[in-house]
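K.L.:
Pasting a structure here, questions to come.
The values are calculated or read from the model by the stated rules, or taken from the named source; none is laboratory data. Owing to the predicted nature of the structure, the values given are computational and were not obtained by experimental measurement. Note: ideal-geometry Cβ built from the backbone for every residue, glycine included; neighbour counts use all protein chains shown. For the accessible areas, the whole protein counts, side chains as well, though only heavy atoms, and no ligand, DNA or RNA atoms are used. Shrake-Rupley method; radii C 1.70, N 1.55, O 1.52, S 1.80 Å.
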Amino acid sequence: MKYFPSIIVFVLFLGINNAANAQCGMHGSGHKQSASHAEHSSQQQTVQSKGYAFINDDGIQEATIVINDGYQPSTLVVKKNIPLRLNFDLQEESCTGTVMFKDFHIKQELTPYQLTSVEFTPAASGSFTFTCPMNMIQGTLVVKE
Ligand SMILES: [Cu+2]
């Protein structure tokens, strides 16, 4: 009976994983996404990094976020009330192929192995989470005054 608790955890894990995969199925191959979620869940320590948007010649603040086992940078600092262009560099085929900024009512599908831009003007300051559709992969958008 020594291993009983870990078996329970494993079964729970599979259950959560399948549920997530079911929600994610609309984005493509279910099997592949399931495997990807298993990877995400087993890696408890994702790389934390901080990045900043720069303001280009058109007055748009811009930043690139690489998606490969998490968002890099995982925290992005931007300025309030300046149009923002986020260039997502999706380097995997996973449920991260859809990114959501719930606070800004944005749900955007991304194209794997290409840059996909998401544009909006952050009109509120504070910390906002962006995620895959299941909330498993998370990043933080920090909007400063
Ligand atoms: Cu996910």
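K.L.:
For PHE54, what accessible area in Å² do you get when you roll a 1.4 Å probe over the heavy atoms of the protein chains, rounding to the nearest 10?
P.N.:
Taking all protein chains as shown, PHE54 has close to 120 Å².
K.L.:
Pull up all non-local amide H partners of PHE120: gap of 5 or more, or a different chain, and H-to-H distance under 5 Å with H placed in the peptide plane.
P.N.:
LEU84, LEU86
K.L.:
With the other protein chains left in place, how much accessible area per residue, in square angstrom, belongs to the range 37-145 at a 1.4 angstrom probe?
P.N.:
Values: 5650 Å² over 109 residues.
Per residue, the range 37-145 has 52 Å² of solvent-accessible surface.
K.L.:
Classify the range 50-144 as rounded, prolate or oblate from the Cα gyration tensor: take a ≥ b ≥ c as the square roots of its eigenvalues, call it rounded if a/c is under 1.5, otherwise prolate when a/b beats b/c and oblate if not.
P.N.:
prolate
K.L.:
So how exposed is LYS79, as accessible area in Å² (1.4 Å probe, rounded to 10)?
P.N.:
110
K.L.:
Ignoring ligands, DNA and RNA, please state the percent of accessible area on the range 75-145 from carbon and sulfur, probe 1.4 Å.
P.N.:
C and S atoms contribute 44 percent here.
K.L.:
Show the residues, 5+ positions off or on another chain, whose built amide H is closer than 5 Å to the amide H of GLU92.
P.N.:
TYR113
K.L.:
Tell me, what is the FRET efficiency for ASP103 and LYS50 to the nearest 0.05, using R0 = 30 angstrom and their Cβ-Cβ distance as r?
P.N.:
Efficiency, from the Cβ-Cβ distance: 0.95.
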